[in-house]
Amino acid sequence: MKLVLDTNVVVAGLRSPTGASAALIDRALDGAFELPLTVALALEYESVCGDPAQRIASGLGSEEVEVIVSALCAVAEPVQPRFLWRPQLRDPADEMALEAAFNGNADALVTSNRRDFGDAPARFGIAVLTPQQALKGMSE
């Protein structure tokens, strides 16, 4: 199974270590699913998760955040975007997750904000799942 994690899932995983998003990060690090990742999306993970406000909310230091993001990058499947379909979505930052999913042949894009993606992923045959739905799908 190939899943692209939207940045909000990574942020939520850092903020709530017992939630579904944190469980997905743990499963990604354990190799339970393939994690297609573009350079642009990895840089967004790093930027957003390393923001001082996010670090305060998560209770993590900059080194801890860097270790987690680096670990995700280390287990990820590198994706070179060959097709850019912009604009498909209202938020340009969400375009990076959609492009990683499309170019990485992902089965699903996992996000806490499904409505932000509308029906665009479905046009490319990509499901949009919440973290809870993704975890449930792995256990079935």
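The values are calculated or read from the model by the stated rules, or taken from the named source; none is laboratory data. Since this is a predicted model, take the numbers as computed values, not measurements. Positions of Cβ are backbone-derived with ideal geometry, glycine not excepted, and every protein chain shown enters the neighbour counts. Keep in mind that these areas ignore ligands, DNA and RNA; they rest on the heavy atoms of the full protein, side chains included. Shrake-Rupley method; radii C 1.70, N 1.55, O 1.52, S 1.80 Å.
Filtered by the rule that a residue be open to solvent by 30 Å² or more (accessible area, probe 1.4 Å) and either among the hydrophobic types (A, V, I, L, M, F, W, C) or touching a residue at least 24 places away in the same chain (Cβ under 8 Å) (or both), the stretch 24-43 gives R27, L29, G31, A32, E34, V39, A40, L43. The condition of being open to solvent by 30 Å² or more (accessible area, probe 1.4 Å) and either touching a residue at least 12 places away in the same chain (Cβ under 8 Å) or within 11 Å of the chain's Cα centre (by Cα) (or both) holds for only one of S58, S62, S21, that being S62. Taken over the stretch 95-124, the residue count meeting the criterion of being outside any helix (DSSP H, G or I) and either in contact with a His (Cβ under 7 Å, 6 or more places away or on another chain) or closer than 21 Å to L43 by Cα (or both) is 9. When F117, F102 are checked against the criterion of being among the aromatic types (F, W, Y), surrounded by 14 or more Cβ atoms within 10 Å (Cβ to Cβ) and at pLDDT 85 or above, F102 stands alone in meeting it.
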